[in-house]
1. Just to confirm a number: summing +1 for Lys and Arg and -1 for Asp and Glu over residues other than residue 118 whose beta-carbon lies under 14 angstrom from that of residue 118, what do you get?
2. I want to verify a result. In a Gaussian network model of the chain, Cα cutoff 10 Å, which of these has the top mean-square fluctuation: 132, 86, 115?
3. Among (1) 178; (2) 146; (3) 129, only one was calculated for this model; which label is it, if the read-out is volume of the Cα convex hull per residue in Å³?
4. In percent, how large is the relative contact order of region 56-209, given Cα pairs closer than 8 Å and 6 or more residues apart?
5. Can you tell me what percent of all Cα-Cα pairs in region 6-112 are more than 24 Å apart?
6. For residue 135 and residue 182 in the same chain, what is the full-extension length gain: residue separation times 0.36 nm, less their Cα-Cα distance, in nm?
7. What dipole magnitude, in Debye to the nearest 20, does the chain give about its Cα centre under +1 on Lys/Arg Cβ and -1 on Asp/Glu Cβ?
8. Among 23-34, 179-190, 42-53, what's the highest-first ranking by average C-beta atoms within 10 angstrom per residue?
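Each reported figure results from applying straightforward, stated rules to the coordinates on display, with no laboratory input. Bear in mind that the values here come from a model prediction, so they are computed numbers and not experimental data. With ideal geometry, Cβ positions are generated from the backbone for all residues, glycine too; neighbour counts draw on all protein chains shown.
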Amino acid sequence: MERSSTTSGGSTRREATRQKLYEAAVTLIAEQGFSATTVDEIAERAGVAKGTVYYNFASKSVLFEELLRHGVGLLASSLREAADRTALRGGGRGDALDAMIRAGLVFIDRYPAFTQLYVAELWRTNRAWQSTLLVVRQQAVAVVEDVLREGVESGEFSAETDVPLTAAALVGMVLVAALDWQSFQPGRSLDEVHAALSRLLQGRVGGRH
């Protein structure tokens with residue numbers, strides 16, 4: 001999973017190592033679960049010594065927490081960049097939400113294993129990293145909340161819009177639809193999935209134009 005910006009100086013090598021560990025961990029945990037995945041396996045998959053894992057992360061749980069922070073941080077950045085690009089082109093907040101839906105689908109298509117892990121962890125409440133999960137979830141949802149709130153303030157969206165719930169619903173819609181696409185309808189293109197979600201966003205499913 002790539003960083004959203006480049007690092008410089010002495011941290012570059014360490015960041016590259018962390019990238020390899022993130023990739024190894026997310027793949028293994030998606031394949032066999034967190035409990036069944038060992039630090040030795042992560043090190044072997046990443047092509048590093050076991051000590052390198054502990055040099056970068058105090059434990060397997062800490063590695064997983066940082067993986068969640070890293071992955072959701074990339075997702076939030078993708079959503080924010082999509083909204084910013086839309087604003088620069090003079091688009092409205094509805095256009096920004098549509099662009100964010102597409103950005104979310106692109107992210108999930110690029111990082112399917114991470115997305116599967118993230119969604120699975122959202123339903124578990126007995127993990128050591130539950131508080132971290134709540135923080136990173138809000139990080140992604142907050143980007144959508146900002147656009148919705150701006151739309152309400154500008155009059156583009158209804159004043160009755162429940163911003164937190166609507167933002168969570170939009171993020172959830174993209175996550176679940178994308179996972180269904182990849183698992184059960186892989187023959188569909190990203191454009192097709194985006195078009196379907198775009199119609200939902202615009203309220204056109206019931207035949208209104």
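1. My count for the surroundings of residue 118 gives +2.
2. Answer for the Gaussian network model of the chain: 132.
3. (2)
4. Relative contact order comes out at 28 percent.
5. Result: 38 percent of Cα pairs exceed 24 Å.
6. Between residue 135 and residue 182, full extension yields an extra 14.3 nm.
7. 360
8. Ranked from most to least packed, the peptides come out as 23-34, 42-53, 179-190.
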